[in-house]
Amino acid sequence: MPAVSKGDGMRGLAVFISDIRNCKSKEAEIKRINKELANIRSKFKGDKALDGYSKKKYVCKLLFIFLLGHDIDFGHMEAVNLLSSNKYTEKQIGYLFISVLVNSNSDLIRLINNAIKNDLSSRNPTFMNLALHCIANVGSREMAEAFAAEVPRILVAGDTMDSVKQSAALCLLRLYRTSPDLVPMGEWTARVVHLLNDQHLGVVTAATSLIITLAQKNPDDFKTSVSLAVARLSRIVTSASTDLQDYTYYFVAAPWLSVKLLRLLQCYPPPEDAAIRGRLTECLETILNKAQEPPKSKKVQHSNAKNAVLFEAISLIIHHDSEPTLLVRACNQLGQFLQHRETNLRYLALESMCTLASSEFSHEAVKTHIETVINALKTERDVSVRQRAVDLLYAMCDRSNAKQIVAEMLSYLETADYSIREEIVLKVAILAEKYAVDYTWYVDTILNLIRIAGDYVSEEVWYRVIQIVINRDDVQGYAAKTVFEALQAPACHENLVKVGGYILGEFGNLIAGDPRSSPLIQFDLLHSKFHLCSVPTRALLLSAYIKFINLFPEVKGTIQEVLRSDSQLRNADVELQQRAVEYLRLSCIASTDILATVLEEMPPFPERESSILAKLKRKKGSGTVSDIEENRKERNTNVNGGVNHSSANTNAKVTSSSSTDLLGLGSNTAINSTPPPGPSTAASLLVDVFSETSPTGPLGAPSAPVSDDNFSRFVCKNNGVLYENQLLQIGLKSEFRQNLGRMYVFYGNKTSTQFLNFSASVVCQDALRAQLNVHAKPADPTIDGGAQLQQILNIECVSDFVEAPVLNIQFRYGGTLQNIAVKLPVTLNKFFQPTEMTSQDFFQRWKQLSAPQQEVQKIFKAKHSMDTEVTKAKIIGFGVALLDGVDPNPSNFVGAGVIHTKTTQVGCLLRLEPNTQAQMYRLTLRTSRDSVSQRLCDLLSDQF
Amino acid sequence: MIKAILIFNNHGKPRLIRFYQYFAEDMQQQIIRETFHLVSKRDDNVCNFLEGGSLIGGSDYKLIYRHYATLYFVFCVDSSESELGILDLIQVFVETLDKCFENVCELDLIFHMDKVHYILQEVVMGGMVLETNMNEIVAQVELQNRMEKSESTVWVFFPFFCLFVCLLQGGLSAAPARAVSAVKNMNLPEIPRNINIGDINIKVPSLSPF
């Protein structure tokens, strides 16, 4: 019989599968598969054309091999060829292969699209369905481009078969998901909405899925769907269970469609139309009522389907959040489920209650279930359910029950699954802070947290506790005492050592009066943990030690001894070594006053959003937590004052390497560049102590702020003293011709000691780099005491510029590194060449430069006495020619000059009108370039 | 949206995989392994929902699964799907398989992979629920069979090789997971429990002095 012989052919596939299954080892399996792959490959490549049946068989084999986890890198072309077969079975297997194995960016897509196009226009519903399936399953952008216009037409065409409509709706949904921009809204949208009225419930279900997604993005376009959905839902809910025949699933009428419709309604606020709203409320009540009716079947499928609808209805009630009676009924219903014997229902009830807890109307009702939820936490065997219980406890927590909930969570933490510990830790930390009435409870809770689950306490959590302790002085003493006691445990977690080190370093003095926690005991206690800790913690402890030196002078010797030991001073870790060296030095050199300034108690942290909360949000994804937080915020309007949502961000650097931050040194370090005259003050000494170490370290010489004290003096003159402090004087002599200049810089050593490692360089920053070339000849690396060193700078102006170059000087004086930065007075006006001209010329040019952006005018008050001769000298010094007898008013000054740059020359006319009565000047500048006018005006107006 | 449908047996051997979002082949295999690892360690009487699949989509995604005899049916879905709805969908799928294969068992899935795919395609399309009415699905599958028969009398649809006794009596659909857990446990080797390493006292025999 032919059927049998061909049946043998299919047996080829079966035999292959059996072979694979009989393979004793992975190697044997791979060997068998490779053999088969080679076989198929040769068959595909062979001269003999394969019939459709064999192709089908081989494609099936490939699919099986793929399922086992082997890459299939051929056969795609054969599959594409199958698509154009006239035989259904061949087409079908071709589409299957492509849906499973072709990814969206395959280069075969164009061929596939061609086949799909043919099938879509075939008017054979089976072929059309196959094609639509393929589009929906692959869903690539090329497919969207090719079919985004076609699929909606099929969907709303009057003569399309129901099964094709269903497929078309979901296909369009898929295309809209992958490439929303390619799916144009159009006249078909209204007709899609009307599919909600379709006779065929399968079509309605598919259309509802589509509308849900579309409505989320374009709510206004699909507003009309609300009334239709309510009507449809109402018909389903009130129908007898036999009305819908095939769509009745275990005695529940069309559960999937009901769920979808309820989801769709969740895209919108409660209907405004009273009639529709009433009808919807009726539906929801009916659904709630049905839950109380005795089940029509004992099968789990019946209750599943019924409850799927019920939970969705409850979600809608919560979403609307407007009908208190419904909300409370929903809450009671969920309360029943909390003790249901079906684990799934307990899980879902806990999940739904979480959202219910955020509603104002039902928050209290949810709270009544606290005992049940706590019990669930203790007795549930399923970690998924326990997780939901934790979530719900977190959501229902408020001031009234915070202590109970936090205590329960803490005790659960001891046995909790490892996978959810970190999340619980975060939640406990947040609740403890948010609802803390007294902060001693807060401190206890966090320390417990570290004790129970130290490994899961993230940095955010312990930063936060320190921040709160520092910001609240009423809890500092208690915190010091508690951490001191906690540290006495023989084995304590490293996080506790961190918290302990920090808090004792800051507030150890508050408990030092007690002989049981005297400074030395505190120090010994901390130091006993030192060697067990990681590098960041050790670094933190070293900082705590230097703080101890300040707090307790009596242990200074002991601590210096520790710092001086080789294990510190020569520690292999750079950070530790540096801290030890610096702190030791600081403790030796600085006076107690300076120590007290440097090691002052940390100032309060700025208030920010809690970083713990941010972390929890990250962990949980955007949805759940933030919603609860947002909703709850109003109800608990900052019960604990501002600390509520502040953060530990500032603190986040503590463990990195920024010892400056830890010590609050930030403000002091900036001073060193311009030490005040006279004997060293506390600040400069302090800096000296620090600058001894490497300049790259955190405490090394920071880059100095740029001094520009004398800068403006040089606008109108070329020689003079640019900078002076108690060590060094910098003098200048300069000459400029056209666009070139030469500057002689004189560095005078005012002390009797040699400056070592002297270097001076000029830096042009940002845009200036292209506008100005400054070449500094290298200077000698030493300047003897009392001697002067000369350095020559060659300057070239490339184009007009605004900023000034900076002269950076570094040298070592008496072992300390000095950093000085001075703005070099190279200004645009230096490149002036004065131009003499007659009155007629002047006004002719003046008129030529009358475009609004070419003129810059400034009216300003005189800063110096308005002496005519001085003014004249300044204008000449500025670089222009002073033109007499040009201006009809003899008290006005008029000047002209040309700015020379390498690229262009810019002519410039200026006029200065003094008003001696008002003590004001008016300065007007006209040049052919607006940026030049502006800059020159700024420079010159500053001089009078 | 359904991101993936995975069917594998009690040993983690995949029997059907269907991804509605693109993942590279090796990633697909990793997801299967991870999912199996997560699902297989759960008892049969815990809930059917599970979070924590890290590979497939993060916190918005849930695994919803059912365990039938030797097979796990796992749907990986996002939050836009109703959990119980998906559970029912799995049930519909399995009941449909059962009708089409007459007492479906693991071997049917192995030897008629293409058929299983076609049936699934009638239920889920592009990650969305296409049809939930079992009669409609079965009617579509029968239509396909007729078309096949008309093209050739080749296809032996009813399980030809499935000579083995199905592990289930009365069909999978009627028996939820619990009823077959005994069977499932039989397949597992005895695992020693409670290995207590906290209290091991190694007694060193005292050596007699030389």
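For the reader, a short list of remarks on this structure follows.
- Length-normalised contact order of the stretch A:9-77 in % [C-alpha pairs under 8 Å, at least 6 apart]: 36 percent
- Normalised by the number of residues in the stretch B:2-145, the mean separation of alpha-carbon contacts (under 8 Å, six or more apart) gives a relative contact order of 23 percent.
- Ordering of A:52-58, A:323-329 by packing [mean C-beta count within 10 Å, highest first]: A:52-58, A:323-329
- This ranking places A:Cys397, A:Cys937 by how few other beta-carbon atoms lie within 10 Å of each, fewest first, which gives A:Cys937, A:Cys397.
- Secondary-structure-derived ellipticity at 222 nm for chain A, considering helices only, amounts to -17000 deg cm²/dmol, per-run term -39500 (n - 2.57) for DSSP H runs with n ≥ 4.
- Remark: the stretch A:711-826 carries a charge dipole of roughly 180 debye about the Cα centre, counting +1 on each Lys and Arg Cβ and -1 on each Asp and Glu Cβ.
- Normalised contact order of chain A, rounded percent, pairs of Cα under 8 Å and 6 or more residues apart: 5 percent
- Panel order for A:Arg21, A:Arg769, A:Arg386, by other beta carbons found within 10 Å of each beta carbon, from fewest to most: A:Arg21, A:Arg769, A:Arg386.
- With a 10 Å cut-off around each Cβ of A:335-346, the average count of Cβ atoms from other chains is 2.
- Taking every residue in B:132-143 and counting other chain Cβ atoms within 10 Å of its Cβ, the average works out to 4.
- Between the alpha-carbon centres of the stretch A:177-221 and the stretch A:275-345 there is a gap of 27 Å.
- Packing here is the average count of other Cβ atoms within 10 Å per residue, and on that basis the peptides A:132-141, A:163-172, highest first, run A:163-172, A:132-141.
- HN-Hα J in Hz across the stretch A:65-78 - Karplus 6.51, -1.76, 1.60, θ = phi - 60°, x for Gly and Pro: 5, 4, 4, 6, x, 9, 5, 10, 10, 8, x, 4, 5, 4
- Projected-area mean, the stretch A:9-77, by convex hull of Cα positions, square nanometres: 4.5 nm²
- Each of B:His37, B:Val77, B:Tyr61 was placed along the dipole of the stretch B:2-145 (beta-carbon charges, centred on the mean Cα), and the one lying farthest toward the positive end is B:His37.
- The string of couplings for the stretch B:120-127 from the Karplus curve (6.51, -1.76, 1.60, θ = phi - 60°) is 4, 4, 6, 9, 10, 9, x, x Hz, one whole number per residue in order, with x for Gly and Pro.
- Sequence of A:Ser411, A:Ser611, A:Ser384 once ranked by neighbouring C-beta atoms within 10 Å, starting from the fewest: A:Ser411, A:Ser611, A:Ser384
- In straight-distance terms, cross-link reach from A:Lys777 covers every one of the aspartates and glutamates whose alpha-carbon lies under 15 Å from its own, apart from those fewer than eight places away in the same chain; here that gives A:Glu796.
- Per residue of peptide A:158-169, the mean number of Cβ atoms on other chains within 10 Å of the residue Cβ is 2.
- Magnitude of the charge dipole, chain A, Cβ model with Lys/Arg +1 and Asp/Glu -1, debye to 20: 2860 debye
- When each of A:Lys31/A:Lys87; A:Lys61/B:Lys149; A:Lys498/A:Lys556 is checked by Cα-Cα distance, pairs over 28 Å: A:Lys31/A:Lys87
Bear in mind that the values in this text are calculations on the coordinates, not laboratory data. All values derive from a computational prediction rather than experimental measurement. We place every Cβ from the backbone using ideal geometry, glycine too, and count neighbours over all the protein chains shown.
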